[in-house]
Amino acid sequence: MIWEALGAVAIGLALSFTATRRLPERFPVRSLALATGPVAALLGALLTRSILGPGHPVQTLAAAVAVGAALLSVLIRPARTTLSGSAPA
């Protein structure tokens with residue numbers, strides 16, 4: 001169980017680090033995103049392990065990725081759109 005938990009935290013950290021590096025303008029508070037990823041992935045892994053039981057490491061880590069990505073997506077700010085070509089009123 002400890003390896004699944006450590007793997008889930010590592011996956012969540014990698015997921016949040018990648019998200020903040022690829023979309024820095026969409027994550028205004030980088031430290032919040034870097035903290036949310038590992039915690040969300042650990043939550044997903046522990047929840048999946050409690051439902052499925054031991055002996056399902058692939059499914060546990062897949063759920064860690066899914067929950068981590070879902071909770072990180074909550075932090076994304078909408079992209080700013082500029083209206084090019086419109087004249088000021």
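The values are calculated or read from the model by the stated rules, or taken from the named source; none is laboratory data. If you're wondering where the values come from, they're calculated on a predicted model, not measured in any experiment. All Cβ positions, even for glycine, are placed from backbone atoms using ideal geometry, and neighbour counts span all protein chains on display. Accessible surface is based on the protein model in full, side chains and every heavy atom, while ligands, DNA and RNA are left aside. Shrake-Rupley method; radii C 1.70, N 1.55, O 1.52, S 1.80 Å.
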## Note on the structure
Across (1) of a type outside the set (Phe, Trp, Tyr); (2) loosely packed, with under 15 Cβ neighbours inside 10 Å; (3) assigned to a loop (DSSP other than H, G, I, E, B), Leu32 clears everything bar (3)
## Note on the structure
Taking first residues from segment 7-28 that are touching a residue at least 60 places away in the same chain (Cβ under 8 Å) and second residues anywhere that are aromatic (Phe, Trp, Tyr) and surrounded by fewer than 15 Cβ atoms within 10 Å (Cβ to Cβ), the pairs with Cβ under 8 Å that are 6 or more apart or on different chains are none
### Message
With touching a Lys or Arg at 6+ places or on another chain (Cβ under 8 Å) and not in a helix (DSSP H, G or I) as the only criterion, which of Arg80, Arg26 stands out?
### Response
Arg26
### Criterion (touching a residue at least 12 places away in the same chain (Cβ under 8 Å), closer than 17 Å to Met1 by Cβ, part of a helix (DSSP H, G or I) and within 9 Å of the chain's Cα centre (by Cα)) met by exactly one of Ala66, Ala41
Ala41
### Message
Tell me yes or no: at least one residue of segment 67-88 is hydroxyl-bearing (Ser, Thr, Tyr) and surrounded by 11 or more Cβ atoms within 10 Å (Cβ to Cβ).
### Response
no
#### Entry: Residues (open to solvent by 90 Å² or more (accessible area, probe 1.4 Å) and outside any loop (DSSP other than H, G, I, E, B)) located in segment 44-58
Leu47, Ile51, Val58
#### Entry: Positions within segment 15-28 being touching a helix residue (DSSP H, G or I) at 6+ places or on another chain (Cβ under 8 Å) and open to solvent by 50 Å² or more (accessible area, probe 1.4 Å), in sequence order
Leu15, Phe17, Pro24
